Amino acid sequence: MKIKVKLYTILEKYAKGKVLENNTIILQKDTTIQGLSHYLNIPDNIGIVFLVNDSLQDKEYRLHERDGVKIFSFIGGG
């Protein structure tokens with residue numbers, strides 16, 4: 001299935017070589033957000049937020065054809 005993925009801030013480096021033009025990525029049917037995260041090799045210890053079609057979703061959410069996924073990292077400051 002094809003989905004659109006956009007990674008922000010320090011996460012952009014995980015898209016290289018995996019995300020095609022127009023921010024498209026091809027995954028197996030019924031892939032979860034956690035499966036997408038593993039496919040992109042995003043470490044589990046990074047605090048991240050997933051928006052699917054502009055709605056906050058947890059890692060167990062199953063993606064669907066043409067979903068739009070935005071991935072943000074928590075940024076700390078002080």
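The values are calculated or read from the model by the stated rules, or taken from the named source; none is laboratory data. Just so you know, these numbers come straight off a predicted model, no measurement behind them. Because the Cβ atoms are built from the backbone with ideal geometry, glycine has one as well, and the counts that use them run over all protein chains shown.
Below are the figures for this structure:
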quantity: Residue tally, condition over 21 Å from L20 (Cα atoms), of a type outside the set (D, E, K, R) and touching a residue at least 24 places away in the same chain (Cβ under 8 Å), over the range 49-72; calculated: 3
quantity: Qualifying residue in the range 41-52 (condition: modelled with pLDDT of 95 or more and in contact with a Lys or Arg (Cβ under 6 Å, 6 or more places away or on another chain)); calculated: yes
quantity: Residue match in the range 28-48 (condition: touching a residue at least 40 places away in the same chain (Cβ under 8 Å) and over 12 Å from the mean Cα position of the chain (by Cα)); calculated: no
quantity: Within the range 1-34, tally of residues that are surrounded by 16 or more Cβ atoms within 10 Å (Cβ to Cβ) and outside any strand (DSSP E or B); calculated: 7
quantity: Qualifying position, being modelled with pLDDT of 95 or more and either at positive phi or of a type in the set (S, T, Y) (or both), among T9, T31; calculated: T31
quantity: Residue within the range 52-73 that is out of contact with any strand residue (DSSP E or B) (no Cβ under 8 Å at 6 or more places or on another chain) and among the hydroxyl-bearing types (S, T, Y) present; calculated: yes
